[in-house]
Amino acid sequence: MSVALTSPAAPRPVQQEPLRVMLVDDSIVIRGMISRWLGSEPDIVVAAALRTGREAVNQLERINPDIAVLDIEMPELDGISALPLLLAKKRNLIVIMASTLTRRNAEISFKALSLGASDYIPKPESTREAGAAETFRHDLVRKIRHLGAKVRRASHPTAAPSLVPSADRMREIVARAPMAAPAVAPVVRRNFSTQNPRVLLIGSSTGGPQALMSVVAEIAPVIDRFPVLITQHMPPTFTTILAEHLARSSNRPAREAVDGEAVKAGHIYLAPGGRHMRVVRHGTEPVIVLDDGPPVNFCKPAVDPLFASAVEVWQGSILALILTGMGSDGMRGGKDIVAAGGSVIAQDEATSVVWGMPGAAAHAGICSAVLPLNQIAPKLVKLFSGDRS
């Protein structure tokens, strides 16, 4: 994900214990650099900086971290091998996988998400590139704060719901459809549009890959008759891998969008990392437009450009879905969709890894439904079949 360095960080809580972070990386340079960065933050403390996954597993109980930043490539025990061992010892440990932007590491990061990692972060190829290092620093601190908010709320149960769900926990949530909890805070629900939707737009960020694959696996009747366009906050290479995973999950064509291509039913179009995806109308056909403009909502690709541009093409015949993610991206574009006569659905707080984007949409009063993850696909199928009940 591309971020602007001036983006607002998560609110810093007052008079709370700092988040305990365990760094695990075989590079002494990386360990020292990240330790200095995090050590300068008043609400974060580096509880340990370790060289191997084996050290992390052996010392986990003693260190008792809230969050582990886990490198993928390490001697003795690499990150993907250490991950399940760490989670077996501390089920609610938040793990952020760190890797350079290679296809192999992107594949491993996706596997880590399925094994219970909460998020991933791409490391710069060289720490000597000031811009890349500062972006990495900003993104890492932001992720630690947002994901760490789950830890803080869990220690104060009256404030908000549970910890970041692991892969096993997410499967439990999906399996328990009748038991899934609604959004905690009361939000205004709008009536669904009286217009039949002709396109499905989806925006997501932290926790999004797993949520996306869960949804697309169950909406074949929608994909077969209507186009699906997705913006997931994710860097290049990672979006290539995500598109392949979406194709396997849905058993339908899914790939990174190409500038100038026509948008057709039966296909899933994913915004490529590092470029915004918009739609325009050329004659009678909607067409993809990719641009290299500045970040929007501190992200590139961003959800709002897709949502806002779609209004010019489909007017009120739009159904937009906002899934788990940090920040508020998608809320302003969602307002445009609702103003044009379309509808917005948001994922609920209990099943979101981070209830930032969907929460912002819910509290803005633009949602016609706020649903747990396991209820979203059935609702989409009903709405696209003309059933608004």
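The values are calculated or read from the model by the stated rules, or taken from the named source; none is laboratory data. Computed from a predicted structure; not experimentally measured. Neighbour counts are summed over all protein chains in view; Cβ atoms, including those assigned to glycine, are modelled from backbone coordinates with ideal geometry.
Answer yes if at least one residue in region 69-76 is touching a strand residue (DSSP E or B) at 6+ places or on another chain (Cβ under 6 Å) and not hydrophobic (A, V, I, L, M, F, W, C), and no otherwise. Break it down into steps so the answer makes sense when it comes.
Applying the first criterion (touching a strand residue (DSSP E or B) at 6+ places or on another chain (Cβ under 6 Å)) to region 69-76 yields 69-72.
Those still in the list that are not hydrophobic (A, V, I, L, M, F, W, C) too: 71.
For region 69-76, residues touching a strand residue (DSSP E or B) at 6+ places or on another chain (Cβ under 6 Å) and not hydrophobic (A, V, I, L, M, F, W, C): present.
Just to be sure, is Ala308 out of contact with any Phe, Trp or Tyr (no Cβ under 6 Å at 6 or more places or on another chain) and buried (at least 24 other Cβ atoms within 10 Å of the Cβ)? Talk me through it step by step, then tell me what you get.
Working: out of contact with any Phe, Trp or Tyr (no Cβ under 6 Å at 6 or more places or on another chain): yes; buried (at least 24 other Cβ atoms within 10 Å of the Cβ): no.
For Ala308, the condition - out of contact with any Phe, Trp or Tyr (no Cβ under 6 Å at 6 or more places or on another chain) and buried (at least 24 other Cβ atoms within 10 Å of the Cβ) - is not met.
Restricting to region 101-125, count the residues that are of a type in the set (Ser, Thr, Tyr) and either crowded, with 16+ Cβ neighbours inside 10 Å or not assigned by TED's automatic domain parsing to the domain that holds Gly79 (or both).
Of all residues in region 101-125, those of a type in the set (Ser, Thr, Tyr) come to 102, 109, 114, 118, 120.
Within this subset, residues satisfying the condition of being either crowded, with 16+ Cβ neighbours inside 10 Å or not assigned by TED's automatic domain parsing to the domain that holds Gly79 (or both) are 109, 118, 120.
Residues that pass the stated criteria total 3.
For region 36-120, please list each of the helices (runs of 4 or more DSSP H) lying entirely inside it that holds at least 3 residues being farther than 18 Å from Thr239 by Cα. Walk me through how you get there before you give the answer.
On the way: elements: 53-63, 79-89, 103-115.
Helices (runs of 4 or more DSSP H) meeting the threshold: 53-63, 79-89.
Would you tally the residues in region 282-305 being touching a strand residue (DSSP E or B) at 6+ places or on another chain (Cβ under 7 Å) and surrounded by fewer than 17 Cβ atoms within 10 Å (Cβ to Cβ)?
Here is the first cut: in region 282-305, the residues touching a strand residue (DSSP E or B) at 6+ places or on another chain (Cβ under 7 Å) are 285-291, 293, 296, 300-305.
Restricting the remaining residues to those that are surrounded by fewer than 17 Cβ atoms within 10 Å (Cβ to Cβ) gives 285, 287, 291, 293.
The number of residues fulfilling the criteria is 4.
Looking at (1) polar (S, T, N, Q); (2) over 22 Å from Met234 (Cα atoms); (3) out of contact with any Phe, Trp or Tyr (no Cβ under 7 Å at 6 or more places or on another chain), find the lone condition where Thr351 falls short.
(2)
Within region 338-380, work out how many residues are in contact (Cβ under 8 Å) with a residue 60 or more places away in the chain, assigned to a helix (DSSP H, G or I) and farther than 23 Å from Ala220 by Cβ.
The number of residues fulfilling the criteria is 5.
Is it the case that Leu212 is in contact with a Ser or Thr (Cβ under 8 Å, 6 or more places away or on another chain) and in the same structural domain as Ala271 (by TED's automatic domain parsing)? Don't jump to the end; show me each part of the working.
Working: in contact with a Ser or Thr (Cβ under 8 Å, 6 or more places away or on another chain): yes; in the same structural domain as Ala271 (by TED's automatic domain parsing): yes.
Considered against the rule, which asks whether it is in contact with a Ser or Thr (Cβ under 8 Å, 6 or more places away or on another chain) and in the same structural domain as Ala271 (by TED's automatic domain parsing), Leu212 comes out as yes.
Do we find that Val228 is under 23 Å from Ser352 (Cα atoms) and without any contact (Cβ under 8 Å) to a residue 60 or more places away in the chain in this structure?
Details: under 23 Å from Ser352 (Cα atoms): yes; without any contact (Cβ under 8 Å) to a residue 60 or more places away in the chain: yes.
So Val228 fits the description; yes.
Just name the residue that is nearest to Cys367 (Cα to Cα) out of those in region 190-212 that are surrounded by fewer than 19 Cβ atoms within 10 Å (Cβ to Cβ) and not basic (Lys, Arg). I'd like the intermediate steps shown before the answer.
Kept after step one, since they are surrounded by fewer than 19 Cβ atoms within 10 Å (Cβ to Cβ), are these residues of region 190-212: 190-191, 194-196.
Cutting the leftovers down to not basic (Lys, Arg) gives us 191, 194-196.
Working: Asn191: 9, Thr194: 15, Gln195: 16, Asn196: 16 Å.
Only one residue fits best here, namely Asn191.
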